[in-house]
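Enquirer: For reference, the structure I am asking about is given below.
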Amino acid sequence: MTTDTPATVRVAGLTRVFGDGGHAVRALDNVDLQVKGGEFFTLLGPSGCGKSTLLRLLAGLERPTAGTVHIDGRDVTALGPDRRPVNTVFQQYALFPHLSVADNIGFGLRMLGWSRSDRAARVYEMLALIQLEGLAARRPDALSGGQQQRVALARALAPAPRVLLLDEPLSALDVKLRREMQDELKRLQRETHVTCVFVTHDQDEALALSDRVAVMREGRICQVDTPAGLYEAPADAAVASFVGDASFLEVELLDTADGQATVRLPGGSVVRAVLAAGGTARGGDRVTAMVRPERVQVGAPGDGALEATVEEARYEGGTTRLRLCLDDGTTLFARAGAAPAWQPGARVGVTLPDGALRVLPA
Amino acid sequence: MTAAQRRWLLLAPAVAILACVAAGPLLVMLVYSFLEPGEFGGVRPAFSLDAWFSVLFARDMFDPEIVEPNIAHLAILWRSVSLALQTTLVCIVLGFPTAWFIATRPRGTRELWLFLVTIPFWTNLLVRTFAIQEVIRNRGLVNTLLMQAGVIDEPIQMLYTDFAVLVGMAYVFLPLMVLPLYAAMERVDRRLLEAARDLYASRWRMFREVVLPLSRPGLVAGSVLVFIPAIGAWVTPRLLGGGRNLMLGNLIELQFGQGRNWPLGAALSMTLLALVLVALLVYLRAVDPDTRRRDHG
Ligand SMILES: Nc1ncnc2c1ncn2[C@@H]1O[C@H](COP(=O)(O)OP(=O)(O)OP(=O)(O)O)[C@@H](O)[C@H]1O
Ligand SMILES: [Mg+2]
């Protein structure tokens, strides 16, 4: 079904401005993007950052103000949604209420002019894929939320689109069902090898599902990377705080050499840190460094390079999430084993091992 | 007092008004239709089936023993039903694009379009009908323009034709079709339209496969709203049809006026009511969710 073309979706200079004059909103601002064949690609960002707009531009439901969209190397910028080899799973499923489950799934095939028997075979194949064979004759309003979700997926997959677009398809489900559907989604993608562009504002979902994630903010793409890459090597403070927990410290940059930096912590001790690309800071500058909670080591007072007070301790099953306040007032998050029962107000010693800190571009 | 009793007590005034205003006159009509006509209009209190008999039948003028169908009445009945159906059809054809146009305007400007559609309702029926006369008569707007443009040499006879009646009726009743259609279309979820387009439906297929079936309740309601007054209409057919071809409404009016045959008028009115009830039954069957489910499944 899918060949390994270098880029199944290629977006260049894509811009969408809503309204005009003083009320113009730049929902999407000069976005470049490439999605590889068979990839599960996620657009992640806060509400209103332009995720849906980008997806709708890919689907052809929206026209760009500037820029181009290529699918499989073909320029589809001027084509309507009915002439693009992509299908969408909408947030509220948007199943046709007057059609049965089977007719919903077969809708796209019927529009494409498939014969009745070919359609029936394909619909049956899809029903088997989503494990709802028994519900072919039901109306959508007689289905549960999870079942409607599956039907919406099957309907979009039935015409074997080159790209499957999903706009927060799981956000209407409760937490437990959501987990199940995430697994289901990954299984469907493994079995069909379909290229997916998935929209969410839930970072856990993005990290769990995706091959690569694009973090968006205010109509722009801040960073595109694998989930591990985003977590370990965020490009800037915004990405770092949006993907996973992060704490930020003001440190003094002493020296830099090929991706490594030596920094002086507020307490005076000196550690080695990773230097993010794109920074222009030199020795002697004060810079912002980021650290992930599991890299922070917490011990008895006097044990580490820094002294801190526990402000909040939340047991999370297996680990405890600590909010610490360094003596200079900086807030630091840590994740500690459950063993010592730290209480708010307790004094602790904090160690930041070499390589735990990441110096971010200003 | 139980809750049910209290509810009935609260409903009592409404029920009383309905009984006096709606059921009362109907009852009077029903009774009149079984009496004999008075000499100068009105009725004589003597039981008779003559009125009902002559709705559909007539006796031979020379030999009352010979009974034959009342061709004149049947023709009028047929003409009225046919005109009402044609009017409904024209209103559907014109109303669908109109309602769709309004439903797809940006929010906030739709009210303006709706207002424009309902403007004819704000003027008197007679005034509107005379206005149409002005437009289509031999020296009227249309003919004058066509002649000046050199399209035709002689005026086209439009006024006092069946065409004129149909135009007038459609014009009068179009808002009754557009409003329920618009209400139904406006409720259709935009995302369903996008889903259809996304699933390879052209604009036309999107309309046919999604908008049309989902606005069916509006279509049925609009059809009933147009059909019912259209079948009893008599002002428009008389003014635009020239009074040569009687409609059921004209016939009834005649019996209560010059004809001085109130029982026949009453019987004809009840016949009209029966036709309307049939239309309503068709309506109820068409919107019944069970029937809908059956013919799609
Ligand atoms: N049709 C429209 N007309 C005017 N402004 C719009 C329109 N659609 C989107 N916008 C604006 O464009 C910006 C981006 O919207 P978009 O729907 O793409 O955000 P999003 O990232 O999907 O947010 P969410 O997570 O809330 O769905 C928002 O500021 C929004 O108000
Ligand atoms: Mg959105």
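The values are calculated or read from the model by the stated rules, or taken from the named source; none is laboratory data. This is a predicted model, so every value here is computed, not measured. Using ideal geometry, Cβ is built from the backbone for each residue, glycine included, and neighbour counts are taken over all protein chains shown. For the accessible areas, the whole protein counts, side chains as well, though only heavy atoms, and no ligand, DNA or RNA atoms are used. Shrake-Rupley method; radii C 1.70, N 1.55, O 1.52, S 1.80 Å.
Enquirer: Summed for both chains, how many Å² of accessible area, to the nearest 100, are buried between B and A with a 1.4 Å probe?
Expert: Result for this pair: about 2200 Å² buried.
Enquirer: Another one. Fully extended, how many nm does the chain gain between B:R260 and B:D63 (0.36 nm per residue separation, minus their Cα-Cα distance)?
Expert: 68.5 nm
Enquirer: Then there's this: Which value in nm describes the separation of the simple spin-label points at B:F47 and B:R187, placed 7 Å from the Cα toward the beta carbon?
Expert: Result: 4.8 nm between the two label points.
Enquirer: At a 1.4 Å probe radius, carbon and sulfur cover how many percent of the accessible area of the stretch A:245-359?
Expert: In the stretch A:245-359, the share of accessible area belonging to carbon and sulfur is 46 percent.
Enquirer: With the contact rule set at Cα under 8 Å and sequence spacing of 6 or more, what percent relative contact order holds for chain A?
Expert: 15
Enquirer: Of the heavy-atom accessible surface of the stretch B:29-287 (probe 1.4 angstrom), what whole percent is carbon and sulfur? Don't jump to the answer; show the numbers that get you there.
Expert: Numbers: 9400 of 13830 Å².
Result for the stretch B:29-287: 68 percent of the exposed heavy-atom area is carbon or sulfur.
Enquirer: Check cross-link reach from A:K51 to the lysines: straight Cα distance under 24 Å, and skip same-chain residues fewer than eight apart.
Expert: Cross-link targets: A:K36, A:K186.
Enquirer: Okay, moving on. Among bridges DSSP assigns within the stretch A:122-260, what percent are antiparallel (round to 5)?
Expert: Once the DSSP bridges in the stretch A:122-260 are tallied, antiparallel ones form about 55 percent.
Enquirer: Another question, then. In vacuum, with every alpha carbon of the protein assembly as shown counted as one equal point scatterer, what does the Debye formula give for log10 I(q)/I(0) at q = 0.05 Å⁻¹? Two decimals, please.
Expert: Result of the Debye calculation: -0.45.
Enquirer: Going 7 Å from the Cα of A:R63 toward and past its Cβ, which residues in the stretch B:95-131 have a backbone nitrogen under 16 Å from where you end up?
Expert: B:106
Enquirer: Can you give the local net charge around B:D50? Use residues other than it whose beta-carbon is closer than 11 angstrom to its beta-carbon, Lys and Arg +1, Asp and Glu -1.
Expert: For residues surrounding B:D50, the net value is 0.
Enquirer: What FRET efficiency do you get for A:A142 and B:A149 if R0 is 45 Å and r is their Cβ-Cβ distance, rounded to the nearest 0.05?
Expert: After rounding to 0.05, the efficiency reads 0.15.
Enquirer: Wrap a convex hull around the Cα atoms of the stretch A:9-237, take a quarter of its surface area, and give that in square nanometres.
Expert: Result: a mean projected hull area of 13.3 nm².
Enquirer: Taking 0.36 nm per residue of separation and subtracting the Cα-Cα distance, what length does fully extending B:L9 through B:V81 add?
Expert: On the way: separation 72, 0.36 × 72 = 25.92 nm, distance 4.15 nm.
Extending this stretch completely gives an extra 21.8 nm.
Enquirer: Take the stretch A:245-359, compute every pairwise Cα distance, and split them into 10 Å bins from 0; I just need the percent in each bin.
Expert: 15, 47, 27, 10, 1
Enquirer: Counting chymotrypsin sites (Phe, Trp or Tyr not before Pro) as exposed when in a DSSP loop with at most 15 other beta carbons within 10 Å, what is the longest stretch of chain B free of them?
Expert: My reading of the result: B:63-297 is the longest stretch.
Enquirer: Using the alpha-carbon centroid of each, what span in Å lies between the stretch A:126-175 and the stretch A:213-244?
Expert: That distance is 30 Å.
Enquirer: Rolling a 1.4 angstrom probe over the protein heavy atoms, how many square angstrom per residue are accessible across the stretch A:9-237?
Expert: 40
Enquirer: Let me ask another. What residues of the stretch B:204-238 lose no less than 10 Å² of accessible area with every protein chain in place versus their chain by itself (probe 1.4 Å, heavy atoms only)?
Expert: Listed in order, they are B:R205, B:E209, B:V210, B:P213, B:L214.
Enquirer: What whole-number value in Å² describes the accessible area per residue of the stretch B:1-99 for a 1.4 Å probe?
Expert: Roughly 69 Å² per residue, with all protein chains present.
Enquirer: Compute the signed sum of charges (Lys and Arg +1, Asp and Glu -1) over the other residues within less than 9 Å, Cβ to Cβ, of A:F107.
Expert: On the way: positive: A:R110, A:R155; negative: A:D103, B:E209.
It works out to a net charge of 0.
Enquirer: If you take each beta carbon of peptide B:164-176 and count the beta carbons of other chains within 10 angstrom, what is the mean? Provide the component values of the computation, followed by the final result.
Expert: Numbers: counts 0, 0, 0, 0, 0, 0, 0, 0, 0, 0, 0, 0, 0.
Mean shielding count: 0.
Enquirer: Have a look at B:G241, B:G24, B:G218 and tell me which one the Gaussian network model of chain B (Cα, springs below 10 Å) gives the largest fluctuation.
Expert: Largest GNM mean-square fluctuation: B:G24.
Enquirer: Sticking with this structure for a sec: Rounded to the nearest 0.05, what FRET efficiency do A:L79 and B:V142 have when you use their Cβ-Cβ distance and R0 = 45 Å?
Expert: Calculated transfer efficiency: 0.55.
Enquirer: Then there's this: If I stretch the segment between A:D255 and A:L177 completely, what's the gain in nm (0.36 nm per residue apart, minus their alpha carbon distance), one decimal?
Expert: Net length gain for the segment: 23.0 nm.
Enquirer: As I understand it, the dipole of the protein assembly as shown uses +1 on the Cβ of Lys and Arg and -1 on the Cβ of Asp and Glu, about the Cα centre. Which of A:A158, A:T15, A:T319 lies farthest toward its positive end?
Expert: A:A158
Enquirer: Could you work out how far the C-alpha centroid of the stretch A:268-309 sits from that of the stretch A:38-116, in angstrom?
Expert: That distance is 45 Å.
Enquirer: Which distance in nm do the two modelled labels at B:L30 and A:D204 give, with both placed 7 Å along the Cα-to-Cβ direction?
Expert: 6.9
Enquirer: Roughly how tilted is helix A:175-192, in degrees to the nearest 10 and between 0 and 90, from the longest Cα axis of chain A?
Expert: Roughly 60 degrees, rounded to the nearest 10.
Enquirer: Give the average, rounded to an integer, of partner chain Cβ atoms located within 10 angstrom of each Cβ in A:93-99.
Expert: Values: counts 2, 9, 3, 9, 6, 10, 4.
Shielding by partners across A:93-99 averages 6.
Enquirer: Tell me the carbon and sulfur percent of the accessible area for the stretch A:9-237, rounded to whole percent, probe radius 1.4 Å.
Expert: The value for the stretch A:9-237 is 48 percent carbon and sulfur by accessible area.
Enquirer: Please tell me the relative contact order of chain B in percent, rounded to the nearest whole number, where contacts are Cα pairs under 8 Å and at least six residues apart.
Expert: 25
Enquirer: So, one more: With both bridge residues required to lie in the protein assembly as shown, what share of the DSSP beta bridges run antiparallel, to the nearest 5%? Mind dumping the intermediate values first?
Expert: Details: 64 of 85 bridges.
About 75 percent, rounded to the nearest 5.
Enquirer: Note down the magnitude of the dipole of the protein assembly as shown about its Cα centre, charges +1 on Lys and Arg C-beta and -1 on Asp and Glu C-beta and zero elsewhere, to the nearest 20 debye. Could you put the intermediate results ahead of the total?
Expert: Numbers: 66 positive and 65 negative charges, 200 e Å.
My answer is approximately 960 debye.
Enquirer: Using alpha carbons only, how many degrees (0 to 90, rounded to 10) separate the axis of helix A:145-157 from the longest principal axis of chain A?
Expert: It is inclined by approximately 70 degrees.
Enquirer: For the stretch A:127-144, list whatever residues lose no less than 20 Å² of accessible surface once every protein chain is in place, relative to that chain by itself, with the probe at 1.4 Å.
Expert: So the qualifying set is A:R139.
Enquirer: Further question on the same structure: Rounded to the nearest 0.05, what FRET efficiency is calculated for A:T15 and A:D245 with R0 set to 35 Å and r the Cβ-Cβ distance?
Expert: E between A:T15 and A:D245, to the nearest 0.05, is 0.55.
Enquirer: Mind giving me the nanometre distance, one decimal, between the label points for A:S115 and B:L112, set 7 Å out from Cα along Cα→Cβ?
Expert: It works out to 5.3 nm between the two label points.
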